[in-house]
Amino acid sequence: MEPIDVARRLVSLGETEDAVKAYELVLRAQNIVSADEKMEAALFVLQFCGEYRYAYLAFLELCKESQYAKDAMAIITEAFYEPNKKLLRSHYENNCKYLSKYPYLFQKEFIPFEELPIRFYPFDDGHYVPYYVEEGRFGEVTDYSDPVITRNYFHDLENPILAKDVYSQYELEYLNDNVRLSEHVSRENHVYLHYSSWAEFCAYLQVLNFRKLLADRKLVFLMEDEISQYPIDFKERFGIDYSIYPLRPVGVREVNRLIWHMQLSYHNGGDFFNEIMDAHPNLLSSSSIFHDSMEETMDDLRSTLNDARSWAEVKEVFSNGEWENFDMIRDLYFMRDRTDKDILVATFFCCKRFTKRLDPNSRIVPAIFYQPHFGYIHTDIKGDNKGHAIVTSEQYEAIEKSTLIKYFKYIKSFAPMRRITTSYGGAVRFMDSMSGRNEDGKYRRVTNEVVERVLYRGYLVDSRIRIFRDCVVVRFEDGKLNPKATFTALAKFLDLPYTKSMTYCSFNGLPTQVMLKQEVHGFDTTSVYKTYDDFACDEERWFLEYFLQDAYRYYGYDFKYYDGQPASPEKIREKAQRFDTIYSFIRKSMKTFFEETVVEMREKAAEAGEEQEYANTVEEEAAQSLEKYMRQQEERTMSVTNLLLGGLKFVAKDGQPLEFMPRLDLDPELLEQPLYR
């Protein structure tokens with residue numbers, strides 16, 4: 001029985017509440033129902049207080065069709081526009097009032113509300129549907145405060161910023177907040193907003209809010225042909241000479257833009273991207289920072305500042321030479337309502353190695369370039385009876401809950417990606433080289449990395465989470481083989497100028513060849529073609545390509561081990577039983593651990609006076625523990641394999657499907673070599 005038939009049957013039985021749910025199912029699949037059924041379902045859901053958005057979207061679809069278009073238009077106008085018309089008018093008239101007094105808007109003849117060319121139908125608390133009156137059509141449901149920067153506003157900082165037809169509240173605030181005051185940079189530095197249609201600009205005053213944006217008088221509005229006035233000589237026209245003002249250093253609270261360098265997994269070339277972004281004149285950047293270390297630093301600074309009884313006491317604490325910028329720590333100490341974002345920004349201003357490459361005369365406020373790094377990412381899967389899988393990770397959740405996300409208003413994120421089998425081999429090699437006890441006595445081991453990789457789908461994201469709202473994947477191989485195309489595109493996405501500093505790799509402003517001992521420097525492509533055959537076997541690589549084939553296809557990688565054809569469960573399980581290489585490294589790294597553990601346990605027993613005779617030697621007992629551990633690893637591999645064979649659908653915590661993190665698009669005309677496959 002079809003959902004529409006179920007709904008009608010429930011109506012006939014008087015089961016209104018269940019009938020609403022059934023009709024909602026009809027609307028969620030409205031592309032496969034007739035116009036009659038769509039109208040029937042939408043009316044019932046709206047009448048009996050179901051999820052009105054389903055009904056609203058159905059009515060919008062009907063408005064685009066020949067059948068029921070007038071009826072649907074009348075319904076949504078009565079239900080959604082008329083009740084909000086007074087508020088829209090008030091909003092419009094208030095904006096007109098503020099702008100009529102603003103000195104840098106030269107057109108003052110505002111259009112009467114009833115004659116505006118666009119009507120905005122409220123959809124929910126944050127979205128509107130524009131209706132173009134002359135064309136008689138609806139546009140798309142739009143959030144004008146969506147936290148996404150869609151353009152490269154700051155590509156050219158030689159001249160004042162010029163932006164055309166900006167109808168995003170978020171982007172207007174972004175421009176206002178990130179372009180420095182003319183008085184602070186000792187030159188004319190307004191934001192010029194050019195609108196190609198005065199009538200359209202007036203219409204958008206129903207949904208935008210200019211009151212707070214006008215306070216600093218940073219914005220200059222140029223309507224239609226007024227673009228010829230750009231840029232204005234403020235000294236000649238308004239008698240304002242900004243050159244008489246002293247250049248002012250950037251303050252902690254001027255910085256409100258974060259570029260988050262994400263870690264998809266290990267050995268994806270993160271350091272390479274740090275070296276490209278190093279010394280950018282509009283970034284406060286550092287090399288990779290362990291998340292736990294930064295948390296400890298933040299906790300220590302927070303406690304010191306909160307517990308200090310006087311500035312003299314703070315000054316004494318920070319006089320050890322680590323903080324070269326005492327003005328910054330003083331401002332931080334006396335700051336009201338200090339946040340973790342303020343503390344983080346201050347740490348980037350603390351010494352000259354972070355700031356010496358900044359352009360002090362820049363028109364824009366520098367952004368924080370931040371890469372919180374994890375030495376180990378462990379993942380688990382939680383599923384349900386519908387085949388949904390939620391990947392959980394302490395490290396992932398630490399990022400999601402970070403207070404920095406809360407307090408930075410503007411966030412762009414990007415994640416380097418490397419061919420998964422190559423990245424995997426590099427990770428195993430690194431874990432093997434670092435296995436054993438570290439300086440803190442903690443034991444580092446080789447983990448079952450092939451299993452961790454197929455579980456951790458970092459490229460699938462919930463775009464409703466702030467850190468993933470405006471993000472992109474950048475392929476490591478593109479950066480190496482087509483650097484100009486890649487980093488021009490990355491600068492465009494991050495809304496930065498593409499500068500000379502992005503044409504070479506550096507550390508603290510100096511070439512990496514001088515500063516760092518590495519196998520590969522700069523744009524050497526050796527690391528692109530490494531296969532790490534000693535650290536990954538073909539079965540492991542086949543397994544990765546098979547279960548991550550969605551990532552391979554979406555991000556443009558060809559298969560090298562999996563042939564792209566359907567595989568039987570028996571073949572897949574057979575592959576999973578032959579992970580000889582990863583198991584050999586796990587065994588190697590854990591052998592010493594178990595031997596040391598047995599010795600420690602026996603020593604503790606002796607110290608406690610527990611004299612015992614042991615049937616096995618240390619080596620024999622350790623070997624037994626190791627074999628048990630290896631069986632557990634093999635069991636986990638097969639358990640995960642069986643789970644994945646069930647066709648898991650990776651979803652967010654509330655069951656909503658996850659989305660691919662978008663791939664950075666490169667300009668074909670800038671390619672120096674064919675795209676890596």
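Key figures
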| item | result |
| --- | --- |
| Magnitude of the charge dipole, the stretch 10-120, Cβ model with Lys/Arg +1 and Asp/Glu -1, debye to 20 | 780 |
| Lysines with Cα under 20 Å of Lys604, excluding same-chain neighbours fewer than 8 positions away | Lys442 |
| Where Rh is the Kirkwood radius over Cα pairs, Rg/Rh for the stretch 539-652 | 1.19 |
| Cα-based equivalent ellipsoid of the stretch 495-556: semi-axis lengths in Å, sorted from largest, via gyration tensor | 32, 19, 8 |
| Cβ crowding within 10 Å averaged over residues, with 197-207, 388-398 ranked highest first | 197-207, 388-398 |
| Stretch gain in nm, segment Lys235-Thr392, where the contour uses 0.36 nm per residue and the Cα spacing is subtracted | 50.6 nm |
| Where labels lie 7 Å past Cα in the beta-carbon direction, separation of Ser433 and Cys96 in nm | 6.9 |
| Extension gain, Leu13 back to Ser639 (0.36 nm per residue minus Cα-Cα distance, nm) | 220.7 nm |
| Antiparallel bridge percentage (DSSP; both residues within the chain; nearest 5) | 40 |
| Whole-Hz couplings from phi, Karplus 6.51/-1.76/1.60, listed for the stretch 378-383; x for Gly and Pro | 9, 10, 9, 10, 10, x |
| Separation in nanometres of the label points that stand 7 Å from Cα toward Cβ, at Lys406 and Arg253 | 1.8 |
| Label-reachable residues, the stretch 179-204, where backbone N falls under 20 Å from a point 7 Å from Glu109's Cα toward its Cβ | 195-204 |
| Carbon/sulfur fraction of accessible area - the chain, other protein chains in place, 1.4 Å, % | 48 |
| Karplus 3J(HN,Hα) series, Hz, for the stretch 427-443 with 6.51 cos²θ - 1.76 cosθ + 1.60 (x for Gly, Pro) | 5, 5, 4, 5, 4, 5, 5, 9, 5, x, 7, 8, 5, 8, x, 6, 8 |
| Cβ crowding within 10 Å averaged over residues, with 652-658, 471-477, 301-307 ranked highest first | 471-477, 301-307, 652-658 |
| Estimated dipole of the chain in Debye, rounded to 20 [Cβ of Lys and Arg +1, of Asp and Glu -1, Cα centre] | 1340 |
| Length gained when the stretch Tyr132-Phe660 is fully extended (0.36 nm per residue, less Cα-Cα span) | 186.8 nm |
| Distance from the stretch 431-481 to the stretch 192-227 (C-alpha centre basis), Å | 44 |
| Set Lys382/Lys653; Lys386/Lys653; Lys164/Lys492; Lys218/Lys412; Lys212/Lys235; Lys164/Lys218 screened for pairs whose C-alpha atoms are more than 18 Å apart | Lys218/Lys412; Lys212/Lys235 |
| Rule-of-thumb Rg ratio for the chain [Cα; 2.2 N^0.38 Å; N residues] | 1.15 |
| Value at 222 nm in deg cm²/dmol, rounded to 500, when DSSP H runs of n ≥ 4 in the chain each add -39,500 (n - 2.57) | -13000 deg cm²/dmol |
| Note, ³J(HN,Hα) from phi for the stretch 584-598, Karplus 6.51, -1.76, 1.60, rounded to Hz, x at Gly and Pro | 5, 6, 4, 4, 4, 6, 8, 4, 5, 4, 5, 5, 5, 5, 4 |
| P(r), alpha carbons of the stretch 34-77 - 10 Å bins starting at zero, rounded % | 33, 61, 6 |
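The values are calculated or read from the model by the stated rules, or taken from the named source; none is laboratory data. Model, not experiment: these values are computed from the prediction. Every residue, glycine among them, receives a Cβ derived from its backbone with ideal geometry; neighbour counts consider all protein chains shown. Note: accessible area is taken over every heavy atom of the protein model, side chains too, but ligands, DNA and RNA are not part of it. Shrake-Rupley method; radii C 1.70, N 1.55, O 1.52, S 1.80 Å.
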